[in-house]
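*Asks:* Below is one structure. I have some questions about it.
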There are 2 protein chains.
Amino acid sequence: MKKSIVITINRQYGSGGHLIGKKVAEKLGIPFYDKELLTLAASESGFAKETFEHNDEHVRLSTSYLSAIGVILGSPTANLVDLSLNDQLQMIQSKVIEEIANKGSCVIVGRCADYVLRDRENLLSIYIHADDEDRTLRIVNEYQACSEEEAEAMIKKMDKQRSNYYNFYSNQKWNSAKTYDLTLNSSYFGIEGCVDLICEVAKRKSV
Amino acid sequence: MKKSIVITINRQYGSGGHLIGKKVAEKLGIPFYDKELLTLAASESGFAKETFEHNDEHVRLSTSYLSAIGVILGSPTANLVDLSLNDQLQMIQSKVIEEIANKGSCVIVGRCADYVLRDRENLLSIYIHADDEDRTLRIVNEYQACSEEEAEAMIKKMDKQRSNYYNFYSNQKWNSAKTYDLTLNSSYFGIEGCVDLICEVAKRKSV
């Protein structure tokens, strides 16, 4: 690819979005970041990796966040004391996301990366979803050993958590088509079909 | 194309969805239906074409619709007297949409066609949206001579009208990513980029 491209992927729980992102990165030969972001964020801050993991894609409301984020992002020495723990972790992650994107092409999953990078011309923002039955089966068979009922409950919980987190820190709607350049139903396209389509779009955009 | 494919397109006002659908149909050499549906619906019913045009993609609530639709769709001789005019027109259009899809590959714009045909294996449901500035410019420059302020007001009015209509007659969310197999931002892909991508997907699905 001649020009760099930053591909961000938001995903319904159980839709295969993580796997699709990983395969896209492998196929394009570019770095992939999902949980890897937490390790980087931990190494750049005074917080333990476990703190990032425990609070990953969570939000606990803090009125000071929205007014502070403009100041903080422009000033690495700004004081974080008045912000909630989640706000602080999100801002550290946002800085890491900016740094990663500055280095060149990559795939980033979740963590409002599309919103953090929204002003970049080389951004391709994607959302992956799937039919409920497929999501349930994927969770039961691939993610962990649990019953279908437990998988359905996890889908509701995780979607709500990701939606609340995204809507709060992005000021956009997580599940709205217009938030993204491209959304795909992985039940329709299949995992490999999604990977092929995203790679084709990325290649066209980066020539 | 070996297997038939029915492509439905919902679209934000001013997103270029109509033009994209028309070009896709031309490129694939298959029939295209947008306002053409109204002519067909008029010729199959006792209503004038102007009646369909005047009420196109409108909804006026009628509690009898949802309970009646199952009966009516299965029985062409059922009594329509208790339903609102919009409900009757929608049901006539739904029948026409089924008949069109039975004939083979085609592109259908709007009018809940994706919901009417939701159980068909050969359905590809698409939603086209665009950035607000591009929509305003398209309306000012291509759709009709009006000011930017008037175009912005029309965007709000038409999106609300289409959303209300779709959400009522489909029981799904018009602007939600998960309603569709594929959603595209025409500001990102361009009109020709959307056409190429949709045609590629259609060709892969119909071999």
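The values are calculated or read from the model by the stated rules, or taken from the named source; none is laboratory data. This structure is a prediction, so every number in the text was calculated from the model and none was measured. Heads up, the Cβs are rebuilt from the backbone with ideal geometry, glycines too, and the neighbour counts pull from every protein chain shown. The protein model used for the area step is the full one, side chains on, heavy atoms only, and it has no ligands, DNA or RNA in it. Shrake-Rupley method; radii C 1.70, N 1.55, O 1.52, S 1.80 Å.
*Asks:* Residues with amide H under 5 Å of B:SER176's amide H, sequence separation 5 or more or different chain, H placed in the peptide plane at 1.01 Å from N; which?
*Replies:* Those qualifying (amide H under 5 Å, at least 5 residues apart or on another chain) are A:ALA177.
*Asks:* Another question, if that's okay. Can you tell me the convex hull volume per residue for chain B, based on C-alpha atoms, in Å³ to the nearest whole number?
*Replies:* 119 Å³
*Asks:* Rounded to the nearest 20 Debye, what is the dipole magnitude of the protein assembly as shown about its Cα centre when Lys and Arg each give +1 and Asp and Glu each give -1 at the C-beta?
*Replies:* 680 debye
*Asks:* Moving to a separate point now. Once you put a point 7 Å from the Cα of A:GLU148 and another 7 Å from the Cα of B:ASN141, both along the Cβ direction, what distance in nm separates them?
*Replies:* 5.3 nm
*Asks:* Just to confirm my numbers, what's the Cα centroid distance between the stretch B:189-207 and the stretch A:176-207 in Å?
*Replies:* 12 Å
*Asks:* Right, here's the next one. Which residues, if any, in the stretch A:88-133 lose at least 30 square angstrom of accessible heavy-atom surface (probe 1.4 Å) when the other protein chains sit next to their chain rather than the chain being alone?
*Replies:* So the qualifying set is A:HIS129.
*Asks:* Could you provide, to the nearest whole Å², the per residue accessible area of the protein assembly as shown with probe 1.4 Å?
*Replies:* Heavy-atom accessible area per residue stands at 46 Å².
*Asks:* For the pair B:ALA48 and A:GLN172, what calculated FRET efficiency results from E = 1/(1 + (r/R0)^6), where r is the Cβ-Cβ distance and R0 = 35 Å, to the nearest 0.05?
*Replies:* About 0.20, to the nearest 0.05.
*Asks:* Now for a different question. Quick check on my link table: of A:LYS156/B:LYS173; A:LYS205/B:LYS160; A:LYS22/A:LYS203; B:LYS35/B:LYS173; A:LYS23/A:LYS205, which ones sit more than 21 Å apart, alpha carbon to alpha carbon?
*Replies:* With Cα atoms farther than 21 Å apart: A:LYS205/B:LYS160; B:LYS35/B:LYS173.
*Asks:* Run the paramagnetic zone check for B:HIS58: 7 angstrom along Cα to Cβ, then residues of the stretch B:171-199 with backbone nitrogen under 13 Å.
*Replies:* Counting only backbone N, you get no residues.
*Asks:* Between B:GLU192 and B:GLU133, what length comes free when the chain is fully extended (0.36 nm per residue of separation minus the Cα-Cα distance, one decimal in nm)?
*Replies:* Gain on extension, B:GLU192 to B:GLU133, equals 19.4 nm.
*Asks:* Using label points projected 7 Å from each Cα along Cα→Cβ, tell me how many nm separate B:GLU26 and B:ARG118, to one decimal.
*Replies:* Between B:GLU26 and B:ARG118, the simple spin-label model gives 3.3 nm.
*Asks:* Next question, about the same structure. Which value, in debye to the nearest 20, describes the size of the charge dipole of the stretch B:76-207 about its Cα centre when Lys and Arg Cβ atoms bear +1, Asp and Glu Cβ atoms bear -1, and nothing else is charged?
*Replies:* Its charge dipole is roughly 560 debye.
*Asks:* Using protein heavy atoms only (no ligands, DNA or RNA), what is the total accessible area buried between A and B, 1.4 Å probe, nearest 100 Å²?
*Replies:* So the buried area, both faces added, is about 2000 Å².
*Asks:* What is the distance in Å between the Cα centroid of the stretch B:1-44 and that of the stretch B:78-138?
*Replies:* Rounded to whole Å, the Cα centres lie 10 Å apart.
*Asks:* Please list, ordered by chain and number, the residues whose modelled amide H lies under 5 Å from the amide H of B:LEU123; skip anything fewer than 5 residues away on the same chain.
*Replies:* B:VAL6
*Asks:* If only Cα atoms are counted, what is the Rg of the stretch A:145-199, and what is its Dmax, in Å?
*Replies:* Considering the stretch A:145-199 through its Cα atoms, Rg and Dmax are 14.1, 35 Å.
*Asks:* Which helices pass in chain B if a helix is a full DSSP H run, must span at least 15 angstrom along its long axis by Cα, and must have mean Kyte-Doolittle hydropathy not below 1.6?
*Replies:* Answer set is B:64-74.
*Asks:* Can I ask one more? In whole angstrom, and with the biggest value first, how far do the Cα coordinates of the protein assembly as shown range along each principal axis?
*Replies:* Result, largest extent first: 74, 55, 43 Å.
*Asks:* Cross-link candidates for A:LYS103: which lysines have Cα within less than 16 Å, leaving aside residues fewer than 8 places away along the same chain?
*Replies:* Answer for A:LYS103, where 16 Å is the Cα cut-off: A:LYS2, A:LYS3, A:LYS95, listed by chain and number.
*Asks:* Assuming a viscosity of 1.567 mPa s and a temperature of 4 °C, what translational diffusion coefficient in µm² per second does Stokes-Einstein assign to the stretch A:12-52, Rh being the Kirkwood radius over Cα pairs?
*Replies:* The Stokes-Einstein estimate is 112 µm²/s.
*Asks:* Going by a 1.4 Å probe on protein heavy atoms, which residues of the stretch A:145-184 end up with at least 50 Å² less accessible surface in the whole assembly than in their chain alone?
*Replies:* A:ALA177, A:LYS178, A:ASP181, A:THR183
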